[in-house]
Amino acid sequence: MKITFLGTGSSSGTPVPTCSCHVCTSRSSKDRRYRPSLLVESNGKTLVIDAPQELRLQLVKHKVMKIDCMLITHCHADHVYGLDDVRIYCREKKLPVYADSDTVNELKKIFPYVFRRTQKSGGKPRLQLTRVDKPFSTAGFSVIPLPVFHGGKKIFGWRIGGVAYIPDTSRIPESTFRLLEDLDIFILDGLRKEPHPTHITLGDAVKIAERVGAGKTYFTHISHNLQHKKTDAELPKGMHLAFDGLVLKTEGVRIG
Ligand SMILES: [Zn+2]
Ligand SMILES: [Zn+2]
Ligand SMILES: [Zn+2]
């Protein structure tokens, strides 16, 4: 399985418009972050998690030629406002998109023209929205929804085989920790060091990662408060700050 970080930024992206902080003005490409999404490829099949505002740029940059299925974590702008861009990938057949029930309802409100029977084609994405709350298989991927709190709201992270992706969370329930056993790669919310009402701190994220004990842990959904090189150097062994374009491979067991 091959994992590509299409975007590792928080809801504002980095650089943040109008900001002149040392990260937003950094010359390092690792300090430039699109909004968060993940590309997963296995056995010739392609899965994308979330559709941020820069999805089109991400798909062009990484030469993604097809998408077999999508998973959506929740309906915040930084995870769904690029969803229209997938219409190129569903000309031949409907694209399966999986999410929790609230997210499906909200997507129908945000993109009413997509689901209204006013036209058969003509530039609309053809989405097969499916509500899920249990493990399922799609396009050869074994998928487990990972319920987590994001502020007062319960949303999903996703586990695909030995990889778990939880970009937005303020608390992980005990029942979800049981779904995080034997991970090769754990990708977790690493917004910033300071507290935030809807996200864990980077310190909390390190503690959670130590408890989960995955082969490797990568933090994502990174704000402009964290400079890549300095922050990455401070993290414990086996943990890293992700960056846009980072590619990881798993062989089904542990990565080296
Ligand atoms: Zn987010
Ligand atoms: Zn800044
Ligand atoms: Zn969010």
Response to the item:
Footprinting proxy, Asp244, Asp204: sorted fewest to most Cβ within 10 Å, the residues are Asp204, Asp244
Item to complete: Given a cut-off of 19 Å, name the pairs among Lys2/Lys93; Lys94/Lys153; Lys193/Lys230; Lys153/Lys216 whose C-alpha atoms lie farther apart than that in the structure shown.
Response: Lys2/Lys93; Lys94/Lys153; Lys153/Lys216
Worksheet item: Under a 5 Å amide H to amide H cut-off, with H placed in plane at 1.01 Å, what residues pair with Thr46 once short-range neighbours are removed?
Response: Asp68, Cys69
Worksheet item: Once the dipole of the chain is set up with Lys and Arg at +1 and Asp and Glu at -1 on Cβ about the Cα centre, which of Pro145, Leu38, Gln53 lies farthest towards its positive end?
Response: Gln53
Fill in: For the stretch 184-256 and the stretch 1-55, distance of Cα centres in Å
14
Worksheet, complete the sentence: Projected onto the charge dipole of the stretch 101-246 (unit charges on the beta-carbon of Lys, Arg, Asp and Glu, signs +1, +1, -1, -1), the Cα from Ile166, Ile155, Leu129 with the largest positive-side position is that of Leu129
Response to the item:
Assertion target for Lys45, Lys230, Lys134, ordered by fewest C-beta neighbours within 10 angstrom first, is Lys134, Lys230, Lys45
Discussion item. Please rank Lys109, Lys30, fewest neighbouring Cβ atoms within 10 Å first, as an exposure proxy.
Written reply: Lys109, Lys30
Worksheet item: Using Cα pairs under 8 angstrom and six or more residues apart, how large is the relative contact order of the stretch 18-62, in percent?
Response: 26
Worksheet entry | the stretch 194-256: chymotrypsin sites (Phe, Trp or Tyr not before Pro) in DSSP coil with no more than 13 other Cβ atoms inside 10 Å | none
Worksheet item: Roughly how many debye, to the nearest 20, is the charge dipole of the chain about its Cα centre, given +1 on each Lys and Arg Cβ, -1 on each Asp and Glu Cβ, and no other charges?
Response: 840
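Each reported figure results from applying straightforward, stated rules to the coordinates on display, with no laboratory input. As the structure is a computational prediction, the values presented were derived from the model and not from experiment. Every residue, glycine as well, gets a Cβ built from its backbone with ideal geometry; the counts of neighbours run over all protein chains shown.
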